[in-house]
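The values are calculated or read from the model by the stated rules, or taken from the named source; none is laboratory data. Keep in mind that what you see is a predicted model, and the values were worked out from it rather than measured. Every residue, glycine among them, receives a Cβ derived from its backbone with ideal geometry; neighbour counts consider all protein chains shown. Quick note on the areas: whole protein, heavy atoms, side chains included, nothing else; ligands and nucleic acids left out. Shrake-Rupley method; radii C 1.70, N 1.55, O 1.52, S 1.80 Å.
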Amino acid sequence: MIKKITSLLLLTFIVNIVFGQQANTLIKSVSEKFSQVKNFKSNVNIDFDIPSINMEKMNGKVFYKAPNKFKVKLSGVAFLPKQNPFELYNLLRDTSAYVAVSNGAEDVSGIRTQVVSVLPIKEQDVVLLKCWINPVSNCIEKSQITTKSSGTITSTYFYAANLNYPLPYKINFSIDLTKFKIPKMIAVDINSKKKSNSNASGRTTGSITFNMSKYEINKGVKEDNF
Amino acid sequence: MVEISNLVKTFGQFTAVDNLSMQVNEGEVFGMLGLNGAGKSTTMRCMLSLIKPDSGQIQFFGKNISTDRNYILGKIGCLIEKSDHYNYLSAHKNLVLSSKLSGYIPTQKEIDFVFELVGLKGREHQQVKTFSQGMKQRLGIANTLIHNPSLIILDEPANGLDPQGIIDLRNLILRLKNEWKKTIILSSHILSEIELIADSMVIIHKGKNVIQGKTNELLSGNEVVVEVEVDDSNSVVEIISKVFPQLPSKIIDSKSFSVKMQKSDLNVLHRELVNNGINIYNFTTRNKLEDYFLKLTYENEQPVFHS
Amino acid sequence: MKMNSLYSIVKIECVKYWSKPRTYIGFIAITTIVLLIQLALYTDGKNYWDFLTQSLSQSFEIEGMEFNGNMVCFIILQTLIVQMPLMVALVSGDIVSGEVQSGTIRSLLTKPVSRTKILISKFIAAEIYTLALIIWLGVLAYFLSLFLFGKGDVVVLKSDALTVIRSADVGIRFLFAFFMAFLSLSVINCFAFMLSTFSNNSITPIVISMSVVILFTIIGTFDIPLFESIKPYLFTTHTIVWRNFFDNPIDWELIISSTCFLIVHIIVFLGASIYYFNKKDFLQ
C-alpha cells in the first residue's frame, strides 16, 4: 500500500516536473519573443458590447513601453478593461515569481494551443493567470487573469500571419459583470420606459474589442504619453 | 342709429331682458333708466355682444351685431359698469393698447387731448394701480373716446366719481354731443342724472321697456304728485278725501302722505290744509315720471300702502 | 379704421404678458435653480461624479469620464423638467381668467376683434412665454455650463441602462431635446390655458393645473400595475420624451408617437378653449 502511494506521488512529481518544464519553456519562448517589443504606438478602434451600456465605437491611440507602461488615449468617455492587455508579459518576465503548470492542449479560434496556468508565489493582486499559447508562433492566443481587485478578465488575441512581433490586430476582452450596477443620477427617473437595450437577457459578461492598426514598433514613445 | 327689437335674455329661470325694444336716434344722448337689476346692463352687454341674447335683433348703423360685429364694434366706444384697466401698465399704455385694439393708432396730440378732456393730464405715465376709483373711471372714459367712435355707450358712468367728477362727466357728455356730434347711450339708476343730459330716455323695469320718449315730454305734464309731511297723516287723508273725493291719496307713514292731482289744484289743497289748522312740515311736488320711478324703487325696497 | 391683424393683437398680448411681474417668476426660478446646480457641481461636482460612478469603476477602467458642461446641462434639464410645468401653469392659468376677474375682458371683447382671434393671440403669447422660458433655460443650462465646465461626452444614466453620447453629437440632440421639452410644456400651457377660459377667477385654473401636473407626475413615478396601464395616456408621461434624444440609436418611433400625442392634446385643449370662449356669456 505504502509502495503504491509512494509510486503515485513519484509519478505526480515526475509529471509535474516534466509538464512544468514544458510550460516554463513555452513561457520563456513567449517572453523572449515579446521582449523584442520595447515600445509601440498604434491606432485603436474600440468596440463595446456591454449589456446595459450603450456606447458607440470610438477611435484612439495606444501607447506601450516596456516593461509595463500602457495607455489608451481617447477623446471622450470610454469603459476599458481594468488590466492592460500586455500586463501578463510583465508577470511572465520574472520566472522566479510564479509556478507554471501545463494544463494540456485546447483549440482557440481554430488554433491548437497549449494551456499553461501560472500561479504567483508572492503576495500580489494577480491570483491566477491562465495562458493559451500557440507553440508554433509563441504567441498568447488567449489569457485569463484573475485578480483580487477586478475579478476575472478573459482576453482573446488575434494575430496576422507572418508577423515579426507578437502584437495582435485584435484583442477581445470578456468582462465579468455579475457585480456590475448602473448608478442612479440626481433626478429620479420619472416614467422610465423599459428599453430594449437593458440587461434583460441576464448576460453576466460583456466584451470590449480593441482593433489595432498602424503599429509603430520600437520607434520610441515619449514618457508624457503615459 | 340703434334699434333693438324683441330682445330676450334669460339666465335659467330668470328673465333678465323680457322682449325689450327701443330705438336710439343719431346725435342724441339716450338715457336708460332703471333700478339695479332692471336689465340695463344685460341689455348693454347684449348690444356689445358680451352676452348672446336668446332672441331678438340688435342693429347699429343698419347692420346686425350678430353678423357685422367687428364693423359695429369698431365704431363704438364703451364703458361697461366700472372701468377696469391693466393695473400694472401706465394710463398712457392702457389708452394706446385700447385704441390699437380698436384698430386705431392715435397720435400723441390725440392722446394728450383725450387726457386733457377727462382731466388726467399730467398723470398719464403713472401706473393705473396708483389711481383712485374716480381716476380709473376717467381713464375708462378716455378709452371710449380715443379711437373717435360714432357711438358711445356708458353703463353707469358716474359710478365711483365724486360730485365734481359727476359734474365734469355731465359737461363732457354734453360737449361730446354738441361739439363732436356723438351719439351717446348711458344708463343709470338715478333719474336726476338722466334728466339733466338725456334727450330721450327709456325706463326699464324687470327687463321690460316700461316707457320711452323724449325726456322733456316725459318730465312735463300737468299731473303731479304731492308729498306732504304733517302731524297725523291718517286724519289729514280723511279731510282730503272729503275735499278731493276723486283723487287717489296714499299714506306713506304716520306723518306723511301723497296725493296725485293737477298742478292747478295745488293751491286749493294747500289752502284747505291751512284752513283746517293742519301743521305742514314739508310740501313737495314731483312730476308723474319721477313718481313712477320712485314707485318702482319702493316696490323693490318696501311695501306700498294704498288708501 | 383698419382691422386688427393677428400679429398686432399678439403684439398687444405680449406687451401685457411681459409687463406683468408674475411673468418673471419663472425666469427668476430657473435662473436661481440653474445657478445653484451649477455652483454645487462646480464646487463639488467631481466628488459627486466619482461617487456616482463608483460602481462602474469596480468593473471598468473609466477613461475621460470628466464632469463637463454637456453633462451639467443634461442634469439641469432632468432636474428642472419637474418644476417647469408649474412655472408655465402659474402664468398661463391666469391669462384669460385673470382678465375676467379684473374686468378687463369686457373692454377686450368689445373691440372689433373676434373672440377666436383674441384667444389665439393669447395662446400665442403664452407659447412665446413658454418658448422664452425654454430658450432662457437653454442659454443658462447649455451655454453657461459649457462656458463654466467645458465640452465633453454625456453619460446618460437611466434606471436600466447607461448611454454615452459623444460630445460632437450632443449639441444637435440638445436642440431636439429643448424643442421636445417646449412641445411638452406647450401641452401643460394649453391645459392651464383651457382651464383659464373655463374659470372666472385666476386662482382656480392655476391650482387645478398645478395639481393635475403633480398628480400625473406622482402616478408616473409609481410602478403599480394599475398606474402602468394609464401612464401612456397621461400627458405628463410624455414630458420626458426629450430624454429619448439621448438614446443610441434614437427611438424615432417613440418620439414621433409622443409628438403626435402631445400635438393632439394641444389641438383638443385649444379647440375646447375656443369653443367654450366663443359661447361664453361675460356677466362679470
Among residues of segment C:54-77 being open to solvent by 10 Å² or more (accessible area, probe 1.4 Å) and touching a residue at least 24 places away in the same chain (Cβ under 8 Å), the residue farthest from the other protein chains (Cβ to nearest Cβ) is C:F67
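Pick from segment C:183-227 the residues that are over 19 Å from the mean Cα position of the chain (by Cα) and of a type in the set (G, A, S): which of them is modelled with the highest pLDDT? Please lay out each step first, then the result.
Step one: list which residues in segment C:183-227 are over 19 Å from the mean Cα position of the chain (by Cα), which gives C:197-204, C:222-227.
Imposing the further condition that a residue be of a type in the set (G, A, S) reduces the set to C:199, C:202.
On the way: C:S199: 91, C:S202: 83.
Selected residue: C:S199.
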For segment B:120-148, give me each residue that is in contact with a helix residue (DSSP H, G or I) (Cβ under 6 Å, 6 or more places away or on another chain), small (G, A, S) and over 21 Å from B:G74 (Cβ atoms).
B:G134
Mind listing just one residue for me: the one in segment A:64-93 that is among the basic types (K, R) and within 14 Å of chain C (Cβ to nearest Cβ) and, of those, most open to solvent (accessible area, probe 1.4 Å)?
A:K73
All positions within segment B:43-71 that are facing another protein chain (nearest Cβ under 8 Å), touching a strand residue (DSSP E or B) at 6+ places or on another chain (Cβ under 7 Å) and in a helix (DSSP H, G or I)
B:Y71
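Mind listing just one residue for me: the one in segment B:259-286 that is closer than 24 Å to B:N216 by Cβ and touching a Lys or Arg at 6+ places or on another chain (Cβ under 9 Å) and, of those, modelled with the highest pLDDT?
B:T285
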Quickly run through segment B:146-174 and pick out the residues that are touching a residue at least 12 places away in the same chain (Cβ under 8 Å), open to solvent by 10 Å² or more (accessible area, probe 1.4 Å) and part of a helix (DSSP H, G or I).
B:I166, B:D168, B:L169, B:R170, B:L172, B:L174
Selection status of C:D223, open to solvent by 40 Å² or more (accessible area, probe 1.4 Å), closer than 30 Å to C:G64 by Cβ and within 13 Å of chain A (Cβ to nearest Cβ):
no
Out of (1) within 14 Å of chain C (Cβ to nearest Cβ); (2) at positive phi, what's the single condition that is false for B:G122?
(1)
Taking the criterion of being assigned to a loop (DSSP other than H, G, I, E, B), among the polar types (S, T, N, Q) and crowded, with 22+ Cβ neighbours inside 10 Å, would at least one residue in segment B:78-85 satisfy it?
yes
Please indicate, with yes or no, whether at least one residue in segment C:223-237 is in contact (Cβ under 8 Å) with a residue 12 or more places away in the chain and not in a helix (DSSP H, G or I).
yes
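To keep it simple, each residue is scored yes or no on (1) crowded, with 22+ Cβ neighbours inside 10 Å; (2) within 21 Å of the chain's Cα centre (by Cα); (3) more than 14 Å from chain B (Cβ to nearest Cβ).
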{"position": "C:S92", "(1), (2), (3)": "yes, yes, yes"}
{"position": "C:S145", "(1), (2), (3)": "yes, yes, yes"}
{"position": "C:S159", "(1), (2), (3)": "no, no, yes"}
{"position": "C:I165", "(1), (2), (3)": "yes, no, yes"}
Away from chain B (no Cβ under 14 Å), surrounded by fewer than 23 Cβ atoms within 10 Å (Cβ to Cβ) and under 26 Å from B:G140 (Cα atoms) - does that describe any residue in segment C:120-138?
yes
Within segment B:87-119, count every residue that is open to solvent by less than 30 Å² (accessible area, probe 1.4 Å) and either among the small types (G, A, S) or not in a helix (DSSP H, G or I) (or both).
8
Given the condition part of a loop (DSSP other than H, G, I, E, B), modelled with pLDDT of 70 or more and open to solvent by 70 Å² or more (accessible area, probe 1.4 Å), answer yes or no: does some residue in segment A:182-197 qualify?
no
Given (1) without any contact (Cβ under 8 Å) to a residue 60 or more places away in the chain; (2) closer than 30 Å to B:D68 by Cβ, number of the condition C:T130 does not satisfy
(2)
In segment B:255-291, residues that are exposed (fewer than 14 other Cβ atoms within 10 Å of the Cβ), within 17 Å of B:S233 (Cβ to Cβ), out of contact with any strand residue (DSSP E or B) (no Cβ under 9 Å at 6 or more places or on another chain) and touching a residue at least 24 places away in the same chain (Cβ under 8 Å) total 2
Of the conditions (1) open to solvent by 10 Å² or more (accessible area, probe 1.4 Å); (2) β-branched (V, I, T); (3) within 26 Å of the chain's Cα centre (by Cα); (4) within 12 Å of another protein chain (Cβ to nearest Cβ), C:I25 clears all except one; give me its number.
(4)
Within segment B:218-238, residues being modelled with pLDDT of 80 or more and part of a helix (DSSP H, G or I) number 6
Of the residues B:L89, B:L95, only one is within 14 Å of chain C (Cβ to nearest Cβ), over 30 Å from B:N36 (Cβ atoms) and at pLDDT 90 or above; which?
B:L89
